């Protein structure tokens, strides 16, 4: 696996080695030893899988105090995946990084604890799979406003996204619970 820091060094692009031939391809999407040698020695406790249609925007989600690290990959389709640093003590507090993840590029994104996470589907549909380091806890769940002008996230689809009610009600960064 090739692991590359993004503009926020704690958020990492994980590129698996892909073995392909006329039959198709094979890759290791998770290898604890390999990721551990790269500094990502985490206990993943939950796997999540979603399917969404074009224009759906999920997020920006996080949990306090039960923070989740996430290793995100796309099984079919393409998304624009975003991580927002909510660690007040971090030099990148309030900054975001976005990357295209697709079934075609097979890249994954490591989003550590202390970040909000969201994505927008840019293909006809997308199936997203991610491993989480902590269990989902509804009482800890928070939603950061996807279009907070202070964040100015450059979502790729400029039309009105398809949102859940929870995501429509997200908090602006200046009002949100954040990590110390």
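Every read-out reported here was derived from the displayed coordinates using simple, explicitly stated rules and does not represent laboratory data. Just so you know, these numbers come straight off a predicted model, no measurement behind them. Here the Cβ is made from the backbone with ideal geometry for all residues, glycine too, and neighbour counts use every protein chain on show.
Looking at region 1-72, what strands (runs of 3 or more DSSP E) fall wholly within it and have at least 2 residues that are more than 20 Å from residue 166 (Cβ to Cβ)? Reasoning before the result, please.
Values: elements: 2-5, 12-15, 18-21, 24-27, 46-53, 57-63.
Correct list: 2-5, 12-15, 18-21, 24-27.
Of the numbered conditions (1) surrounded by 18 or more Cβ atoms within 10 Å (Cβ to Cβ); (2) closer than 16 Å to residue 73 by Cβ, residue 96 satisfies every one except a single condition; which is it?
(2)
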